[in-house]
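The values are calculated or read from the model by the stated rules, or taken from the named source; none is laboratory data. Keep in mind the model is a prediction, meaning the values are calculated, not measured. Cβ: placed from backbone, ideal geometry, glycine included. Neighbour counts: every protein chain shown. Side chains included, ligands, DNA and RNA excluded: accessible areas come from the protein's heavy atoms. Shrake-Rupley method; radii C 1.70, N 1.55, O 1.52, S 1.80 Å.
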Amino acid sequence: MKKSQIVLNHLVFASDRKNGGQQLDMLKKVVGFGMQSAELRREYFDDIIAETPAISAYAKSKRLHLFYSVPDEMFVNHRVNPKLSAYYHEAIQLGVSVIKFNIGDFDILLPEDIATLETLVQMGIQTNIENDQTQTSGKMRVIEKFMVAIHEANLTIGYVYDMGNWRYVGEDEMIAAKQLSSYVKYIHVKDDKGFGDEVVTVPLNAGDIAWQEILHILPQNVPVAIEYPTANEQVIRDGIQALEVFS
């Protein structure tokens, strides 16, 4: 895998965040690893308005490709979340090119939902949803129902296949890869030990997931993010190397 395809999600800097680290410093570490793509996490901001100018300027100066993980739902009370517009404007100010949400309690797409989503995706930021760790929006049938509706409405919204979340909702990551591959625009890689209530997310090659086999099933030309908390920088380097040698 080309290094340019690999993204570092800031979850890898979870220990820094616990110690008060800010995302600008995390971006500098991303560059230190020789990477050109990073995924900001909205919950890692202390003051997003104050932090945005420096992040945007630094990303431009280093020609970084920024992704934005927003821990909120696209649908709330079965309709498009009214907060979405604010998140897109944050993304524009940050210089983000890809944004991600959870689905939420989606039921059906009404004409007003389609109109709202069309306006948002026309802002020029690639929009994705992800399978999360909830029964509401993390199951295969939910993802597929949503993506079918999105395609029928001709909305350019993609899907992030999160490799480690399936076991949290009691489903098989291999079956999910085969069933949902055609919708995938972005991949989050991680490993898991156990299943169901006993599952624990771990770095690549430290768990039970056949991640290399899954990557062969999924699209080969989409970004692939390392997204799991790490104990030290060597674990990050090991993850990057594991993906680089994947073929």
Just the number, please: percent antiparallel of the DSSP beta bridges in the chain, rounded to the nearest 5.
15 percent
So, by mean Cβ neighbours within 10 angstrom, what's the order for 180-187, 60-67, 193-200 with the highest one leading?
180-187, 60-67, 193-200
Expected max-MSF residue from Tyr58, Tyr168, Tyr68 in the GNM of the chain (alpha carbon, under 10 Å) is Tyr58
Under the Karplus relation with 6.51, -1.76 and 1.60 and θ = phi - 60°, whole-Hz ³J(HN,Hα) for the stretch 154-171, x at Gly and Pro, equal 6, 9, 8, 10, x, 10, 9, 7, 9, 4, x, 8, 4, 5, 5, 9, x, 10
For Leu204, residues with placed amide H under 5 Å, excluding near neighbours:
Asp191
In this model, which of Lys18/Lys185; Lys18/Lys62; Lys100/Lys190; Lys3/Lys178 are farther than 23 Å apart at the alpha-carbon?
Lys18/Lys185; Lys18/Lys62; Lys3/Lys178
Determine the gain in length on full extension of the stretch Ser15-Glu198; use 0.36 nm per residue of separation and subtract their C-alpha separation, reporting nm with one decimal.
63.6 nm
Which aspartates and glutamates have a Cα lying under 14 Å from the Cα of Lys29, excluding residues fewer than 8 positions away in the same chain?
Asp16, Glu39, Glu233
Cα centroids of the stretch 119-193 and the stretch 29-73: how far apart, whole angstrom?
23 Å
Pairwise label distance in nanometres, Ile92 with Asn221, each label 7 Å out on the Cα-Cβ vector
3.0 nm
Three-way shape call for the stretch 107-247 based on the alpha-carbon gyration tensor, with the a/c threshold at 1.5:
prolate
Between Thr134 and His151, what length in nm is gained on full extension when 0.36 nm per residue of separation is reduced by their alpha carbon distance?
3.8 nm
Mind checking the dipole of the chain: about its Cα centre, +1 per Lys or Arg Cβ, -1 per Asp or Glu Cβ, Debye to the nearest 20?
840 debye
Probe 1.4 Å, protein heavy atoms only - accessible area per residue of the chain in square angstrom
44 Å²
Listed highest first by mean packing, meaning other Cβ atoms within 10 Å per residue, what order do 30-37, 50-57 come in?
30-37, 50-57
Ser37 long-range amide H proximity, modeled H, under 5 Å
Leu8, His65
Grab the other residues whose beta carbon is less than 14 angstrom from that of Asp238, score K and R as +1, D and E as -1, and report the net.
-1
Yeah, the stretch 111-162 with a ≥ b ≥ c from its alpha-carbon gyration tensor (a/c under 1.5 is rounded, else prolate when a/b outruns b/c, oblate otherwise) is prolate
In sequence order, calculated HN-Hα J values of the stretch 35-43 (Karplus, 6.51, -1.76, 1.60; Hz; x Gly/Pro):
9, 10, 9, 9, 10, 5, 10, 4, 6
Between rounded, prolate and oblate, where does the stretch 1-115 land on the alpha carbon gyration tensor, with a ≥ b ≥ c its root eigenvalues, rounded for a/c under 1.5, else prolate if a/b exceeds b/c?
prolate
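In whole percent, and with a 1.4 Å probe on the protein chains, what portion of the accessible area of the chain is carbon and sulfur?
Of all accessible area on the chain, carbon and sulfur atoms account for 50 percent.
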Under 5 Å from the placed amide H of Gly164, counting only residues 5+ away or on other chains, we find Lys190
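Order the peptides 101-109, 149-157 from the highest to the lowest mean number of other Cβ atoms within 10 Å of their residues.
Numbers: 101-109: 18.6, 149-157: 15.0.
Ranking the peptides 101-109, 149-157 by packing returns 101-109, 149-157.
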By how many nm would the segment from Asp172 to Lys62 grow when fully extended, if each residue of separation counts as 0.36 nm and the alpha-carbon distance is taken off?
35.7 nm
